[in-house]
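See below for the structure under consideration.
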Amino acid sequence: MFETMLFSRRNFAMAAVVVVSLNVLAAQDLEVLQLRPNFYMIAGAGGNIGFQVGVDGVVVVDTGSAASADAVVLAIKKVTPQPIRYIINTSADSDHVGGNAIVAKAGQTIFTGNGGAGLATNFLGGGASILSVEQVLTRMSGPSGKPSPFPVDAWPTETFNQPRKYMYLNGEGIEIFHQPAAHTDGDAIVFFRRSDVVVAGDVFDTRRFPAIDVAKGGSIQGEIAALQKLVDTAIPSVPIVSREEGTLIVPGHGRICDQLDVVDYRDMVTIIRDRVRDLMKQGLPLEQIKAASPARGYTRRYGSDSGSRSTIDFVEAIYHSMSEKAQ
Ligand SMILES: [Zn+2]
């Protein structure tokens with residue numbers, strides 16, 4: 001069932017409410033969940049997608065993979081006739097930005113027409129704006145003189161390099177927090193303040209250990225800092241814990257979470273980091289550290305022996321980011 005897959009036990013009561021709308025909203029093999037009156041999540045299109053709906057139009061966080069982009073547009077249009085105004089990217093990974101070009105083209109810039117900023121109607125080609133931290137544009141455009149990894153119409157049209165960027169759309173504050181060295185150097189966490197939903201991106205993956213790409217500026221220290229930022233941004237249902245309320249966190253992949261889920265995940269990552277650090281202090285080389293299984297106790301839940309985000313990848317990323325720091 002969807003609710004057991006996408007919701008933690010703690011959010012069970014809320015899941016029961018949401019599932020009613022699933023039948024109405026399901027588009028192809030995507031799952032569309034209404035998390036709040038004006039906030040939805042799409043699962044099954046690559047990375048998780050969040051979108052906010054209101055009189056100003058639609059603000060979409062991540063666009064999934066390229067192959068699912070048409071279905072994503074369809075799913076959003078089933079929820080609202082309002083135009084897609086903004087796309088916010090949480091990283092430059094293809095399962096989060098792959099749909100950028102198609103989703104942006106299906107939208108309409110907020111900067112023209114009635115109530116806009118008076119710009120020409122062909123501004124941005126008329127499509128939705130794509131907002132990200134500067135590093136996402138750098139990755140998506142690629143080094144000069146080489147073919148770009150993504151087509152120009154998928155690139156961010158608006159970037160920022162400060163720790164916090166904000167907008168106010170559809171009657172709520174939207175805060176975007178740059179995480180400068182977590183999964184990569186270009187991660188962003190997006191907080192919808194009135195909806196009380198945080199879209200975390202790939203710094204948080206409930207299905208496995210976090211993917212830390214040291215070659216792209218990721219680090220274990222920054223990963224733990226990003227998880228801490230999620231913990232600090234969210235509020236759990238206290239003092240009345242039985243209420244199944246509190247801030248919702250949409251991970252890059254996996255089910256909807258609350259603050260306590262992120263606390264558990266942060267603690268898990270920290271424990272494994274500490275184990276690797278202790279072994280490094282003993283002077284053990286990487287091969288022996290891997291052989292000592294520092295992720296033991298967590299591999300059944302989060303580990304994998306193969307693929308691009310295996311347990312060994314995680315241990316190696318911890319090792320490399322800490323040895324680089326020591327240099
Ligand atoms: Zn991802």
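Please go through segment 76-108 and give me each residue that is among the hydrophobic types (A, V, I, L, M, F, W, C) and over 23 Å from ILE189 (Cβ atoms), ordered by number. Scanning segment 76-108 gives VAL79, ALA101, ILE102, ALA106. Listed conditions (1) at pLDDT below 95; (2) open to solvent by less than 50 Å² (accessible area, probe 1.4 Å) are all met by ASN170, apart from (1). Considering (1) open to solvent by 20 Å² or more (accessible area, probe 1.4 Å); (2) over 29 Å from GLY54 (Cα atoms), the lone condition that GLU158 does not fulfil carries the number (2).
Filtered by the rule that a residue be open to solvent by 80 Å² or more (accessible area, probe 1.4 Å) and closer than 21 Å to ASP264 by Cβ, segment 298-327 gives ARG300, ARG301. The condition (being open to solvent by less than 10 Å² (accessible area, probe 1.4 Å), in contact with a Lys or Arg (Cβ under 7 Å, 6 or more places away or on another chain) and within 16 Å of the ligand (Cβ to nearest atom)) is satisfied by just one residue among ILE189, ILE249, ILE176: ILE189.
Of all residue pairs spaced 6 or more apart or on separate chains, those with beta-carbon atoms under 7 Å, a first member in segment 63-92 that is under 19 Å from PRO151 (Cα atoms) and more than 16 Å from the ligand (Cβ to nearest atom) and a second member that is open to solvent by 10 Å² or more (accessible area, probe 1.4 Å) and part of a helix (DSSP H, G or I) are ASP70/ILE102; VAL73/ILE102; VAL73/ALA106.
When PRO149, PRO143 are screened for being within 16 Å of the ligand (Cβ to nearest atom) and modelled with pLDDT under 95, only PRO149 passes.
Given the criteria farther than 27 Å from ARG300 by Cβ, in contact with a Gly (Cβ under 7 Å, 6 or more places away or on another chain) and of a type in the set (Val, Ile, Thr), does VAL190 qualify?
Answer is no for this residue.
Taking the numbered list (1) among the small types (Gly, Ala, Ser); (2) open to solvent by 60 Å² or more (accessible area, probe 1.4 Å); (3) within 25 Å of SER94 (Cβ to Cβ); (4) in a helix (DSSP H, G or I) in turn, ALA226 passes all entries but (2). Looking across ARG243, ARG207, one residue alone is of a type in the set (Lys, Arg), away from the ligand (no atom under 14 Å from the Cβ) and open to solvent by 50 Å² or more (accessible area, probe 1.4 Å). It is ARG243. Within segment 93-107, take every residue that is open to solvent by 30 Å² or more (accessible area, probe 1.4 Å) and more than 20 Å from ASN38 (Cβ to Cβ) and give me the one that is nearest to the ligand (Cβ to nearest atom). Here the residue is ASP95. Scanning segment 178-202 for residues that are under 18 Å from ALA234 (Cβ atoms), touching a residue at least 60 places away in the same chain (Cβ under 8 Å) and under 11 Å from the mean Cα position of the chain (by Cα) turns up ASP187, ALA188, ILE189, VAL190, VAL199, ALA200, GLY201, ASP202.
Among the criteria (1) free of Cβ contacts under 8 Å to residues at least 40 places away in the same chain; (2) open to solvent by 50 Å² or more (accessible area, probe 1.4 Å); (3) in a helix (DSSP H, G or I); (4) farther than 21 Å from GLU175 by Cα, the one ASP232 does not fulfil is (4).
Looking only at segment 257-287, count every residue that is over 30 Å from SER323 (Cβ atoms) and more than 16 Å from the ligand (Cβ to nearest atom) and tell me the total.
Residues in segment 257-287 being over 30 Å from SER323 (Cβ atoms) and more than 16 Å from the ligand (Cβ to nearest atom): 4 in total.
The values are calculated or read from the model by the stated rules, or taken from the named source; none is laboratory data. Since the model is a prediction, treat every value here as computed from it, not as a measurement. For neighbour counting, all protein chains shown are included, and Cβ atoms are generated from backbone atoms with ideal geometry for every residue, glycine included. Quick note on the areas: whole protein, heavy atoms, side chains included, nothing else; ligands and nucleic acids left out. Shrake-Rupley method; radii C 1.70, N 1.55, O 1.52, S 1.80 Å.
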